[in-house]
Each structure stands twice: as structure tokens, then as C-alpha cells.
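Novice: Below: one structure in C-alpha cells.
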Amino acid sequence: EAEVAQSPRYKITEKSQAVAFWCDPISGHATLYWYRQILGQGPELLVQFQDESVVDDSQLPKDRFSAERLKGVDSTLKIQPAELGDSAMYLCASSFTRGQQYFGPGTRLTVT
Amino acid sequence: RKEVEQDPGPFNVPEGATVAFNCTYSNSASQSFFWYRQDCRKEPKLLMSVYSSGNEDGRFTAQLNRASQYISLLIRDSKLSDSATYLCVVTAGGTSYGKLTFGQGTILTVHP
């Protein structure tokens, strides 16, 4: 069964440092999502791509977060500089357009 | 007010018990409704969609009341393996299509 791949699985970084996460969606899935899940809460959408275009980034803190999907396949989410409050699980999901979303295993970020 | 609100939990029940989770949503334009299951430190996975007519999948029954903006999940004959966090999820239509809005989750622990 095809899966969404994410790396790294775990990341520890110091505040003010830069950090990047990578996601490879299921082959053929045009829509890609990045979610952030703070401990004890449900995931919250940060950014949604349709192919290489951003469809929704209304909840992305654009002063420090950036996301790209240059060739419409894999995607990178970057945080610079990281803050203590960024400690969370970062989940990537993909879907066919208007289809069920499949989540990757996530990257657990700890900012010290 | 949060867009999706769930019972605070946690629920601790013995094997074989019946347990019900409730959820309310604030956006009357919401179009699709789901329950996701999330095991500890894992990604969310779709448990079942929720329809106005109600739907059942084995020991799980989901109900939707659009007039009251209320969603429920009933688990019968609980198993140890049902222990997880259950997330109530809604999606809106139009330009927000595909964006999953999660509740904070309800933790279920089934004990012997």
C-alpha cells in the first residue's frame, strides 16, 4: 500500500535556528497538506497545495514559516527562526483532488 | 468558540462496554463529516465518514444531526485495541474544500 513519506521523523533544534521538513506524497496525489498538531490538540492546517500552487495558507505564520512544492510532487516546510512554541508534530497529508486524505507518520519537532 | 468541539474526556471503560462520543461544529456550511482515530504518537487515520442517515461499521455507529450541528460516535463491545484518541473532523465547501478542521480529540482507554 502506497504511503506518504516524511523526514526526519524526529528533530531537536535550538530556538532561533532554522529547521526544514520534507514530505513525499502518494504518487499521483495532486493535493498536499501540511498540518501542525500541538500536544493535546487536534491537527491544524498550515498550508494546502494543489499541484505546485498554494490554495490555502491562511493559518501559516508567514513571518517565520515557508512552504514550497516546486515541481508539484514533494514538498518542504521550513521554519526560520524556530521558537519554543513551535514544538509540535508536523503532519503531511495527500489526496487526489477532492479525495480522502492520507497522512504521513509526521515529524516531531522539539525546540529547546 | 472553536469550530469543532468534542467531549473533553478522557474516557476509561472496561472491555465490553459501550461508549459514546459527542461533537458539535459551528460552521453551518460544513459539508463533510468524519471520525478519525489516532494512536499514541502516530498519524490520524480515517475511521469512518458520517452521514445524515447514520451509518454503521461493525461495532461503530456514527450519527449526524445537521439541524443541531451535532455528530456522535458509538462504540459497542469495546476492545482493548480501541484505546486511542478519537478526532471529530469536518470540512467546508467552496474555496475551503479539502481543509479538514479537527476537534481537540477525546482519549479512550479500554481496560481489562
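Novice: Tally time: how many residues in region A:41-54 are surrounded by fewer than 18 Cβ atoms within 10 Å (Cβ to Cβ) and closer than 27 Å to A:G85 by Cβ?
Specialist: Here the count works out to 3.
Novice: Kindly indicate which of A:K78, A:K71 is farther than 16 Å from B:F102 by Cα, modelled with pLDDT under 95 and not β-branched (V, I, T).
Specialist: Selected residue: A:K71, the only one of A:K78, A:K71 that is farther than 16 Å from B:F102 by Cα, modelled with pLDDT under 95 and not β-branched (V, I, T).
Novice: So, one more: In this structure, is A:Q48 in a loop (DSSP other than H, G, I, E, B) and within 28 Å of B:C88 (Cα to Cα)?
Specialist: When the stated conditions are applied, A:Q48 does not pass them.
Novice: How many residues are over 22 Å from A:I12 (Cβ atoms), facing another protein chain (nearest Cβ under 10 Å) and among the aliphatic types (A, V, I, L, M) if we restrict to region A:61-112?
Specialist: Total satisfying the criteria: 1.
Novice: Considering only residues that are exposed (fewer than 14 other Cβ atoms within 10 Å of the Cβ) and hydrophobic (A, V, I, L, M, F, W, C), look in region B:48-93 and name the one that is modelled with the lowest pLDDT.
Specialist: B:A67
Novice: Sort out which residues of region A:55-68 are at pLDDT 95 or above, part of a strand (DSSP E or B) and not aromatic (F, W, Y), and write them in order of number.
Specialist: Those that are at pLDDT 95 or above, part of a strand (DSSP E or B) and not aromatic (F, W, Y): A:S66, A:A67, A:E68.
Novice: Same structure again: Would you mind listing the strands (runs of 3 or more DSSP E) fully within region B:41-109 where at least 2 residues are of a type outside the set (V, I, T) and either touching a residue at least 60 places away in the same chain (Cβ under 8 Å) or closer than 24 Å to A:E44 by Cα (or both)?
Specialist: Per the criteria, B:44-49, B:60-65, B:70-75, B:84-91, B:100-102.
Novice: May I ask you to verify whether A:A93 is closer than 20 Å to A:A5 by Cα, among the small types (G, A, S) and at pLDDT 95 or above?
Specialist: The answer is yes for A:A93.
Novice: Scanning region A:5-23 for residues that are over 15 Å from A:A93 (Cα atoms) and among the aliphatic types (A, V, I, L, M), which turns out nearest to the other protein chains (Cβ to nearest Cβ)?
Specialist: My answer is A:I12.
Quick grid of which residues meet (1) closer than 23 Å to A:I38 by Cα; (2) within 10 Å of the chain's Cα centre (by Cα):
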site: B:F11; (1), (2): yes, no
site: B:Q31; (1), (2): no, no
site: B:F34; (1), (2): yes, yes
site: B:R37; (1), (2): yes, yes
site: B:E43; (1), (2): yes, no
site: B:L47; (1), (2): yes, yes
site: B:Y51; (1), (2): no, no
site: B:E56; (1), (2): no, no
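Novice: Could you please give the count of residues in region B:1-47 that are surrounded by fewer than 21 Cβ atoms within 10 Å (Cβ to Cβ), more than 18 Å from B:G98 (Cα to Cα) and not polar (S, T, N, Q)?
Specialist: Adding up the residues that qualify gives 20.
Novice: For B:C23, state whether it is of a type in the set (A, V, I, L, M, F, W, C), assigned to a loop (DSSP other than H, G, I, E, B) and within 30 Å of A:T107 (Cα to Cα). Show your work before the answer.
Specialist: Working: of a type in the set (A, V, I, L, M, F, W, C): yes; assigned to a loop (DSSP other than H, G, I, E, B): no; within 30 Å of A:T107 (Cα to Cα): yes.
For B:C23, the condition - of a type in the set (A, V, I, L, M, F, W, C), assigned to a loop (DSSP other than H, G, I, E, B) and within 30 Å of A:T107 (Cα to Cα) - is not met.
Novice: How many of the residues in region A:6-40 are outside any strand (DSSP E or B) and either surrounded by 17 or more Cβ atoms within 10 Å (Cβ to Cβ) or of a type outside the set (A, V, I, L, M) (or both)?
Specialist: Step one: list which residues in region A:6-40 are outside any strand (DSSP E or B), which gives A:8-9, A:14-18, A:25-30, A:38-40.
Next, only the ones that are either surrounded by 17 or more Cβ atoms within 10 Å (Cβ to Cβ) or of a type outside the set (A, V, I, L, M) (or both) stay: A:8-9, A:14-17, A:25-30, A:40.
The total comes to 13.
Novice: For residues that are without any contact (Cβ under 8 Å) to a residue 40 or more places away in the chain and hydroxyl-bearing (S, T, Y), scanning just region A:24-53, find the one that is farthest from the other protein chains (Cβ to nearest Cβ).
Specialist: It comes out as A:S27.
Novice: Does any residue of region B:2-16 turn out to be away from chain A (no Cβ under 14 Å) and part of a helix (DSSP H, G or I)? Quick ask: steps written out before the conclusion?
Specialist: Taking region B:2-16 and keeping what is away from chain A (no Cβ under 14 Å), we get B:11-16.
Then drop every residue that is not part of a helix (DSSP H, G or I), which leaves none.
There is no residue in region B:2-16 that is away from chain A (no Cβ under 14 Å) and part of a helix (DSSP H, G or I).
The values are calculated or read from the model by the stated rules, or taken from the named source; none is laboratory data. Remember, it's a predicted structure, so these values are computed and weren't measured experimentally. Using ideal geometry, Cβ is built from the backbone for each residue, glycine included, and neighbour counts are taken over all protein chains shown.
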